[in-house]
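A.B. asks: Take this structure, written in structure tokens, and hold onto it; I'll ask about it next.
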Amino acid sequence: MRPTEFPSRLTAAGAAAIALTVPIGASQAHAADTHKEECVTISFIEQLVTTETKDAAPVGPSVGDVVITEDAVLDDQRNRIGTNDIKGIIIKKDAATGELFSFSASEYTLDDGTIHVAGLVNLTALASGKEQKLPAYGTGGRYAGKVGELSWTLVSETESLNSIALCD
């Protein structure tokens, strides 16, 4: 989520996968005994493309603000490998610390599949460069049925470095 006063995020880098194959002729029972979790980790740069903020009163980042963005997902050579469509709403301001929290939901549409991410984001920590983590789940392509976590850190007002690790 990118309220006007908070830097935007972006992620890109390469992808690595670990695959397990079951030898031809192995029984299903044997295959189940030897099956190991199949995991996929992708790292990338995410770069802000468009943003729309619906600012609730009072002016500036506050509870009720909605931010809708489209980000480009880039590999480590900065080639576009997909997009991330994000919608976030600020849902809480901590009275004691002043920290702002949003609920954010996004859909990564990558060249090789889709991943959904949703959860609570500490916008104050994010803006100060602290890593944020959210649950992620694969919904299409090579990511379908896998679950895991998105980690990301802002590196500028319009970019972040991200990594998504998913396993069966």
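The values are calculated or read from the model by the stated rules, or taken from the named source; none is laboratory data. Keep in mind the model is a prediction, meaning the values are calculated, not measured. Methodologically, a virtual Cβ is constructed for each residue, glycine included, from the backbone with ideal geometry; neighbour enumeration extends over all protein chains shown. Accessible surface is based on the protein model in full, side chains and every heavy atom, while ligands, DNA and RNA are left aside. Shrake-Rupley method; radii C 1.70, N 1.55, O 1.52, S 1.80 Å.
A.B. asks: Using a Förster distance of 30 angstrom, determine the FRET efficiency expected from the C-beta separation of Ser128 and Glu107, and round it to 0.05.
C.D. replies: Calculated value: 0.65.
A.B. asks: In addition: Taking H as built 1.01 Å from N, whose amide H comes closer than 5 Å to the amide H of Thr158, not counting residues under 5 places away?
C.D. replies: Residues meeting the amide H criterion: Ser8.
A.B. asks: Sticking with this structure for a sec: Say the cut-off is 27 Å between C-alpha atoms; which of Lys93/Lys146; Lys92/Lys146; Lys54/Lys130 go over it?
C.D. replies: Over 27 Å apart, Cα to Cα: Lys93/Lys146; Lys92/Lys146.
A.B. asks: Computed from the mean reciprocal separation of all distinct C-alpha pairs, what Kirkwood hydrodynamic radius does the stretch 122-168 have, in Å?
C.D. replies: Across the stretch 122-168, the inverse of the average 1/r is 11.5 Å.
A.B. asks: If you count only protein heavy atoms and use a 1.4 Å probe, how large is the accessible surface of Val147, to the nearest 10 Å²?
C.D. replies: 90 Å²
A.B. asks: What is the set of long-range amide H partners of Asp65 at a cut-off below 5 Å, with H atoms built 1.01 Å from backbone N?
C.D. replies: Answer set, sorted by chain and number: Ala56, Ile90.
A.B. asks: Tell me, what HN-Hα J-couplings in whole Hz come from the Karplus equation 6.51 cos²θ - 1.76 cosθ + 1.60 at θ = phi - 60° for each residue of the stretch 58-68, using x for Gly and Pro?
C.D. replies: These are the phi-based 3J(HN,Hα) values: x, 4, x, x, 7, 4, x, 5, 10, 10, 10 Hz.
A.B. asks: Further, regarding this structure: For the stretch 92-148, what log10 I(q)/I(0) values come out of the Debye formula at q = 0.14, 0.22, 0.23, 0.28 1/Å, with one point per alpha carbon and no solvent?
C.D. replies: Log10 of I(q)/I(0), two decimals: -0.48, -0.82, -0.86, -1.04.
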